[in-house]
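Encoded as structure tokens, the structure appears first; notes follow it.
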Amino acid sequence: MPVVSAGSSILLGLSGGVDSVVLLHLLQQLSPRYSWRLSALHVHHGISPQADSWAVFCAGLCTRYGIPLQVEHVDIAPLRAHGIEAAARKLRHAALARQPCDFVALAHHADDQAETLLLQLLRGAGVKGVAAMPLVKRAATHAPLSIAGRGSRGEGMAHHPILLRPLLHCPRQEILDYAAAENLQWIEDESNADDSYPRNFLRHRVLPLLGEEFPAYRDTLARSAQHFAEASGLLDDLARLDTQNAAGKGHGATLEVSQLQTLSRPRAKNLLRYFLHGSGAPMPQAVQLDDMLQQLCGARQDAAVCIRYGDWQIRRYRGKVYVLGAPGEFDRNLIMPWQGEAELEWPALNMRLHFIHTRGTGVSLEKLQRAPVTLRLRQGGETLRSHPNAARTLKNLLQEHCIPPWQRERLPLLYCGDELVCVPGAAIAAEYRAADGSAGVQLAFD
């Protein structure tokens with residue numbers, strides 16, 4: 001694996017099945033040569049009655065190899081609506097992405113690639129959906145975004161591991177042969193024999209028949225998946241051109257409605273799909289995407305467009321498209337003290353607030369010493385003196401600075417004692433602004 005430099009940390013997703021056991025054995029053999037720091041993560045889904053024994057097996061295996069193992073328990077119940085397989089996969093990937101490492105290694109192989117392509121085709125997936133699982137996938141990173149939706153680049157960048165699939169070109173039979181030759185032991189998930197699951201139906205009943213007539217189907221399907229991946233990349237390139245560099249990525253990014261309206265319908269759908277993907281939202285079904293485009297481009301100018309799908313919302317405000325997770329309930333009487341923390345959870349927006357230290361800008365840290373500092377929600381009737389002799393209503397400030405309506409009741413307002421000091425993304429009270437060269441603080445969220 002030449003992509004992995006000497007001394008790198010590699011985390012293996014270890015299920016205990018033959019694929020991950022073989023990959024663990026291979027990495028354990030290679031790691032001394034390259035000074036790799038190897039560890040493993042077993043995700044305990046709790047679906048099977050044997051789940052506890054699988055975790056014990058993985059722990060014993062890693063102990064014999066001298067490899068650190070972390071077992072993470074997850075609850076699939078909140079995601080059951082997506083199906084058991086999809087829910088387990090989402091939670092597994094989320095658990096792996098949270099680990100501090102340079103690389104995450106997964107044991108997907110050539111048969112997995114073929115099964116995935118066929119499943120996606122049978123679901124009517126688009127070009128991106130049927131694209132190949134890549135051998136190497138570099139995760140994107142996003143900086144925290146300010147309350148007004150503008151990025152705070154360079155602050156609080158998170159590290160995301162690179163995803164590796166070292167066995168992707170190996171057929172399952174080669175993996176089984178290797179395991180037998182090395183006298184490896186592994187567990188068998190009883191659900192793998194249940195062909196009521198679509199993947200198992202393909203694996204046990206369809207692909208063996210396909211292999212009789214087309215012995216090289218793994219290679220040809222992998223080649224087709226690669227073609228789809230290249231086409232998907234070209235469509236992304238086209239979407240980037242169509243945005244004219246105006247749309248960002250991540251939470252808070254926006255897309256101009258006018259950009260959608262000037263394009264042909266296929267190109268507008270491609271651009272909207274690209275925007276949703278870049279914002280971290282799941283891909284909508286074809287009929288949902290058509291409906292989104294129709295409402296975003298066709299609704300009257302003053303209409304409050306809000307399209308809900310799953311746990312996400314697509315909104316239109318002042319000629320811009322926003323994508324966000326559907327907001328939950330919140331305590332309207334929430335008051336949260338700030339005592340110098342670098343970040344705080346803000347449940348009303350389901351975001352983390354970051355307090356970024358500055359010089360000569362933001363809120364004066366010295367003046368915040370006058371009284372206890374708290375974060376509160378809008379109650380109505382608030383005013384702020386953004387200029388020494390001019391008090392402005394909070395309502396006017398939020399409208400003037402184009403704070404979207406769905407954020408206005410949920411914004412964290414910074415108070416010093418009973419004085420409103422800062423409306424993030426809109427204004428700072430004149431009396432509390434940091435003077436030139438003095439220490440200040442700004443609020444951002446992700």
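The values are calculated or read from the model by the stated rules, or taken from the named source; none is laboratory data. Small disclaimer: the values here were computed from a predicted structure and weren't measured. Note that we place each Cβ from the backbone using ideal geometry, even for glycine, and neighbour counts take in every protein chain shown.
Taking the stretch 271-294 on its own, how many of its residues are over 17 Å from residue 124 (Cβ atoms) and surrounded by 15 or more Cβ atoms within 10 Å (Cβ to Cβ)?
The number of residues fulfilling the criteria is 12.
Working only within the stretch 294-326, note down all residues that are more than 22 Å from the chain's Cα centre (by Cα) and either in a loop (DSSP other than H, G, I, E, B) or among the acidic types (Asp, Glu) (or both).
Hits for the stretch 294-326 are 299, 300, 301, 302, 303, 304, 305, 318, 319.
Being in a helix (DSSP H, G or I) and surrounded by fewer than 15 Cβ atoms within 10 Å (Cβ to Cβ) is the filter; apply it to the stretch 177-190 and report the residue that is farthest from the chain's Cα centre (by Cα).
181
Any chance you could count how many residues in the stretch 405-420 are touching a helix residue (DSSP H, G or I) at 6+ places or on another chain (Cβ under 9 Å) and of a type outside the set (Asp, Glu)?
Looking only at that region, the number is 9.
Applying the selection to the stretch 410-431, what residues are loosely packed, with under 15 Cβ neighbours inside 10 Å and assigned to a loop (DSSP other than H, G, I, E, B)?
417, 418
Would you pick out the residues in the stretch 345-373 that are within 18 Å of residue 407 (Cα to Cα) and not acidic (Asp, Glu)?
Those that are within 18 Å of residue 407 (Cα to Cα) and not acidic (Asp, Glu): 346, 347, 348, 349, 350, 351, 352, 353, 354.
Find the residue count for the stretch 88-111, including only residues that are of a type in the set (Gly, Ala, Ser) and more than 14 Å from the chain's Cα centre (by Cα).
4
Using the structure shown, decide if residue 20 is of a type in the set (Gly, Ala, Ser) and more than 26 Å from the chain's Cα centre (by Cα).
For residue 20, the condition - of a type in the set (Gly, Ala, Ser) and more than 26 Å from the chain's Cα centre (by Cα) - is not met.
Here are 273, 223: which of them is over 22 Å from the mean Cα position of the chain (by Cα), assigned to a helix (DSSP H, G or I), among the basic types (Lys, Arg) and closer than 28 Å to residue 90 by Cα?
None of the other options fit; the residue is 223.
Which numbered condition trips up residue 216, out of (1) under 31 Å from the mean Cα position of the chain (by Cα); (2) exposed (fewer than 14 other Cβ atoms within 10 Å of the Cβ)?
The one condition residue 216 does not meet is (1).
What strands (runs of 3 or more DSSP E) lie completely within the stretch 327-387 and have 1 or more residues being under 15 Å from residue 424 (Cα atoms)?
Per the criteria, 343-346, 351-359, 373-376, 383-387.
Does at least one position in the stretch 312-322 carry a residue that is closer than 30 Å to residue 277 by Cα, touching a Leu at 6+ places or on another chain (Cβ under 7 Å), outside the structural domain of residue 429 (by TED's automatic domain parsing) and of a type in the set (S, T, N, Q)?
yes
Identify all residues within the stretch 9-27 that are surrounded by fewer than 19 Cβ atoms within 10 Å (Cβ to Cβ) and either touching a Phe, Trp or Tyr at 6+ places or on another chain (Cβ under 6 Å) or part of a loop (DSSP other than H, G, I, E, B) (or both); write none if there are none.
17
Restricting to the stretch 347-368, name every residue that is touching a Lys or Arg at 6+ places or on another chain (Cβ under 7 Å) and within 19 Å of residue 325 (Cα to Cα).
Correct list: 348, 349.
Please tell me if residue 352 is assigned by TED's automatic domain parsing to the domain that holds residue 402 and surrounded by fewer than 19 Cβ atoms within 10 Å (Cβ to Cβ).
Yes.
For residue 384, only one of the following conditions fails: (1) farther than 30 Å from residue 316 by Cβ; (2) touching a Lys or Arg at 6+ places or on another chain (Cβ under 8 Å); (3) buried (at least 19 other Cβ atoms within 10 Å of the Cβ). What is its number?
So the condition that residue 384 fails would be (1).
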